[in-house]
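A.B. asks: One structure, as structure tokens, below. Some questions next.
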There are 2 protein chains.
Amino acid sequence: MTAQGKVSLRALEGIPDIHPGDDLAGILIENLKRQNRPLKDGDILVIAHKVVSKAEGQIVELANITPEAEALELAEKIHKDPRKVEVILRESTRVVRAMKRPDQQEGTLIAEHRLGFICANAAVDESNVGREDTVILLPKDPDASAHRLCARLQDAFGVRVGVVITDTFGRPWRLGLVNVAIGLAQVPARIDMVGERDAFGRELSVTMPALADELAAASGLVMGKSDKTPAVLFSGVEWQTCDSSAGQLIRPQQEDMFR
Amino acid sequence: MTAQGKVSLRALEGIPDIHPGDDLAGILIENLKRQNRPLKDGDILVIAHKVVSKAEGQIVELANITPEAEALELAEKIHKDPRKVEVILRESTRVVRAMKRPDQQEGTLIAEHRLGFICANAAVDESNVGREDTVILLPKDPDASAHRLCARLQDAFGVRVGVVITDTFGRPWRLGLVNVAIGLAQVPARIDMVGERDAFGRELSVTMPALADELAAASGLVMGKSDKTPAVLFSGVEWQTCDSSAGQLIRPQQEDMFR
């Protein structure tokens, strides 16, 4: 929408702790209005999934979980609470790898989440829950969550905006964590540059910047994991609204050259 | 250095095409001065490796390359210029996978670069060279390149700054390309949060945001692949100078749970 070559990102300060049933969209709108920062056309709000999951009640009390045989076996192998393993398996379509490094107190399951994302522990998270013995799942349908938030934000401010919901993933081959997009509204997952030409006229046959993941990773620059800053406002990004899904960032298994 | 929760990034406009022997640091300094934008304490300059590689003469004329037997065999298998394959093999310590998808005109070698990065074609690049039958390699020692640039920038403006040199990588499991850090000066590769606590006091045992990769990915928001904007200036990032290396972003093979 803009093409100024300048982007700014700012964490929304003062978002309260979110609880099941909270009106997250209303809280974000109120925060933006209170800070006298109405959304402008083309702004993008990047939101950590945890507050979305909490508002939607995607919290599991481990006391209510009875692990089945597969969970008990894996838990034994990687020294992990079998109830957590059970929750991870329920969120997964397959376990890619189960392992425990010597320096880990408890091991990790690399799993394919039912939504297709491959990540540690099927994105089941036990930090920032606020209670012991509870874990947080991804939203049931993160794209739908993003669309609901986006619609409310657009209604409140009367402009076109985008929403990216993120989680923090580890990566094959590279150390350190980055945020990635797991839910999208209006923001393109990737910019398809197939057929465009580079600065010297050579056809760029395979260049597809992952715009949504660039936004997600950038949000980590101001979204402190230990801070209560789960929402980051981007201005100045060059993008066009489209009918997107975070699923468009998942590489089909048959074309994954990196396996 | 700052902690305002607000970051801005801006592409440096008007960087000319770079040729072997060009004084890239001088060109960047002149550009910043001409735009009346002196570097401030804590600024970070993120630079696409291609201009660094070109200035350093890391360009190979394929006409001068005689492929050996291994290159000829792989080239046949994946339908790729055997001279390119030879250059890729010379840059690599091992080939992770050689393949050609039905939709590809020529195939791809996923290879471990001699610097440890695992990426397509050992980062040997044939776009944006400006001449047919030439390819660009990574800088010989990207950390050293970053340090030289950083020292010149600091001298010119009398402030502490950081430099990140990037390349554009594909990713296992996720579609679309993102920029990653392949050379660092002063900017931490990762922020080690081991032992810190999340907002609810739970110890964050494994949270290590990959700051340098967050910066690299964010730079893609304004660093158009087909534009001549190879340098992006970040202001407002919270960071401390340290003795870093992009090698700190490479996951040791024995602890890579994702393989």
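A.B. asks: Would you mind giving the mean number of other chain beta-carbons within 10 Å of the Cβ of each residue in A:162-173, as a whole number?
C.D. replies: 4
A.B. asks: Quick one: of A:33/B:6; A:33/B:228; B:33/B:54; A:6/B:84; B:140/B:228; A:100/B:6, which pairs are farther than 29 Å apart, Cα to Cα?
C.D. replies: Cα-Cα > 29 Å for A:33/B:228; A:6/B:84; A:100/B:6; rest within.
A.B. asks: For the stretch A:60-135, what relative contact order do you get, as a whole percent, if you take Cα pairs closer than 8 Å and at least 6 residues apart?
C.D. replies: 27
A.B. asks: Would you mind calculating the relative contact order of chain B from Cα pairs under 8 angstrom and at least 6 residues apart, reporting the percent as a whole number?
C.D. replies: The value is 27 percent.
A.B. asks: Shape of chain A from its Cα gyration tensor (a ≥ b ≥ c, root eigenvalues): rounded if a/c is under 1.5, otherwise prolate when a/b > b/c, or oblate?
C.D. replies: Oblate, because a/c is 1.5 or more while a/b does not exceed b/c.
A.B. asks: Would you mind pulling out the separation of the Cα centroids of the stretch B:1-57 and the stretch A:22-89, in Å?
C.D. replies: 39
A.B. asks: What percent does the relative contact order of the stretch A:1-154 come to when contacts are Cα pairs within less than 8 Å and at least six residues apart?
C.D. replies: Relative contact order, the stretch A:1-154: 21 percent.
A.B. asks: Can you tell me what share of the DSSP beta bridges in chain B is antiparallel? A percent to the nearest 5 is fine.
C.D. replies: 85
A.B. asks: Also, I was wondering about something else. Quick check: from the Cα gyration tensor, does the stretch A:60-135 come out rounded (a/c under 1.5), prolate or oblate?
C.D. replies: In terms of gyration-tensor shape, rounded.
A.B. asks: What shape does the stretch A:132-182 have by the C-alpha gyration tensor, where a ≥ b ≥ c are the square roots of the eigenvalues, rounded means a/c under 1.5, and otherwise prolate means a/b greater than b/c and oblate the rest?
C.D. replies: It comes out oblate by the Cα gyration axes.
A.B. asks: Averaged across the residues of B:5-17, what count of C-beta atoms belonging to other chains lies within 10 Å of each residue's C-beta?
C.D. replies: Per residue, the average neighbour count from other chains is 5.
A.B. asks: Where the eigenvalues come from the Cα gyration tensor of the protein assembly as shown, what are the semi-axes √(5λ) of the equivalent ellipsoid, largest first, in whole Å?
C.D. replies: Values for the protein assembly as shown, descending: 36, 29, 21 Å.
A.B. asks: Also, quick follow-up: Evaluate peptide A:182-190: per residue, the Cβ atoms of other protein chains within 10 Å of its Cβ; return the mean as an integer.
C.D. replies: 1
Laboratory data are not the source of any read-out in this text; all were calculated from the coordinates shown. This is a predicted model, so every value here is computed, not measured. So basically every Cβ, Gly included, is an ideal-geometry build from the backbone, and we count neighbours across all protein chains shown.
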